[in-house]
Amino acid sequence: MKAARLHEYDKELVLEDVPKPEVKGPHDVVVKVGAAGVCRTDLHVIEQVWRGTLDADGLLLPYTIGHENAGWVDSVGSAVSTVKVGDKVICHPLATCGVCAGCRRGEDMYCENSAFPGLNVDGGYAEYLLTNERALIKLDDSLEPVDVAPLADAGITAYRAVKKAVPGLQAGSSCVVIGAGGLGHIAIQSLKAMCPTEIIVVDTNPDALAMAKEIGADHVVDGKDDPVTAIKDLTGGHGTHAVIDFVAEHGTTVTGPNMIRNGGTYYVVGYGGRVDLPALQIIFSEISVVGSLVGNYTELSELMDLAAAKKVTLHAQRYSLDDANKALDDLHHGRVRGRAVLVP
């Protein structure tokens, strides 16, 4: 089969023929990849940001990246009972064990014995992917793999942050979304579907702001100007009840907390910057700072329900597997609106 593989860090992927993965364990599943999302984390893998935790000795290379995957079941292990050959599925990014403390709590991303296709084992920039039964969710008949693949990571990352914020976003509240790109545009739609809050979007890209307005933002703010003053003006001088920061660098970790009213919450989803707040500011304003990681299996199931109901629609640019390096380059240089998707 064809696969786009990382042979050297900070170099382009190499498209080559490799053996098709095979079922080995009773709960293994091989998926024919229908679409693979192109994520900024893939760039971080290539740039060695993840190297220290995955392959400090460089022993993992070469391998296939890609952790946002959907497709059709190709073959199954002897104990698999919830999916069958031919089923359309989306893959939770982690193939988990089911028996550790994290799995028992339903927080798949805390699994102590997981495989993470695209990060520490071969991923979905290929024609076939090996995962396990626990990772798979069958798709509604109305959905196709290319419609939803990036929701496997970007989607549930955005959805989980929104789900954390929703209990505090009653009628009359407001929520700022910083970054209306691949994750932000999913968060905007999720907020619209899940609560009555007023949605304010901050971005520096006019095209992203235009898309945000189209998909449900009540107000958009140019981040190149003075977003803190703009948010205060839109909220009667009080500030917003919540900020969900999908950027968390280039100054947003400074402006984000300063947009929040007393008792509000700053949700940090992006990474690359630092959150440095004076203790006095936290105490006197009683703001909370909450990190948010990729979502769990249940949250991916809930997001698939929203997608099937057309309440969350992925905005994507499609590329062939042969054009994986172009897709990564477009993402790196800000030329992707929404998410990039590879279609083998």
### Task
Could you tell me whether A193 is small (G, A, S), modelled with pLDDT of 95 or more and closer than 21 Å to H315 by Cβ?
yes
### Task
Pull up the stretch 270-320, narrow it to residues that are in a helix (DSSP H, G or I) and in contact with a His (Cβ under 7 Å, 6 or more places away or on another chain), then point me to the one that is surrounded by the most Cβ atoms within 10 Å (Cβ to Cβ).
L300
### Query
If you scan the stretch 82-102, which residues turn out to be in contact with an Asp or Glu (Cβ under 8 Å, 6 or more places away or on another chain) and farther than 22 Å from L342 by Cα?
T82, V83, V85, T96, C97, C100, A101, G102
#### Entry: the stretch 1-32 - residue that is of a type in the set (A, V, I, L, M, F, W, C) and part of a strand (DSSP E or B) and, of those, surrounded by the fewest Cβ atoms within 10 Å (Cβ to Cβ)
V14
## Note on the structure
In the stretch 181-196, anything surrounded by fewer than 24 Cβ atoms within 10 Å (Cβ to Cβ) and outside any helix (DSSP H, G or I) is listed as C195, P196
### Message
Against the conditions (1) buried (at least 20 other Cβ atoms within 10 Å of the Cβ); (2) at pLDDT 95 or above; (3) hydroxyl-bearing (S, T, Y), where does S114 fall short? Just the number, please.
### Response
(2)
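Among the listed residues S190, S174, identify the single one that is among the polar types (S, T, N, Q), within 19 Å of G239 (Cβ to Cβ) and outside the structural domain of V336 (by TED's automatic domain parsing). If you could, list the steps in order and put the result at the bottom.
On the way: S190 fails: within 19 Å of G239 (Cβ to Cβ).
That would be S174, the only listed residue that is among the polar types (S, T, N, Q), within 19 Å of G239 (Cβ to Cβ) and outside the structural domain of V336 (by TED's automatic domain parsing).
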### Test: residue in the stretch 121-142 that is within 19 Å of A340 (Cβ to Cβ) and out of contact with any strand residue (DSSP E or B) (no Cβ under 8 Å at 6 or more places or on another chain)
no
#### Entry: Check on D140, assigned by TED's automatic domain parsing to the domain that holds L94, farther than 21 Å from V268 by Cα and modelled with pLDDT under 95
no
### Message
Whether any residue in the stretch 99-107 is crowded, with 21+ Cβ neighbours inside 10 Å, among the charged types (D, E, K, R), more than 19 Å from G25 (Cα to Cα) and touching a residue at least 12 places away in the same chain (Cβ under 8 Å) is what I want to check.
### Response
no
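The values are calculated or read from the model by the stated rules, or taken from the named source; none is laboratory data. Quick caveat: nothing in here was measured; it's all calculated off a predicted structure. Cβ: placed from backbone, ideal geometry, glycine included. Neighbour counts: every protein chain shown.
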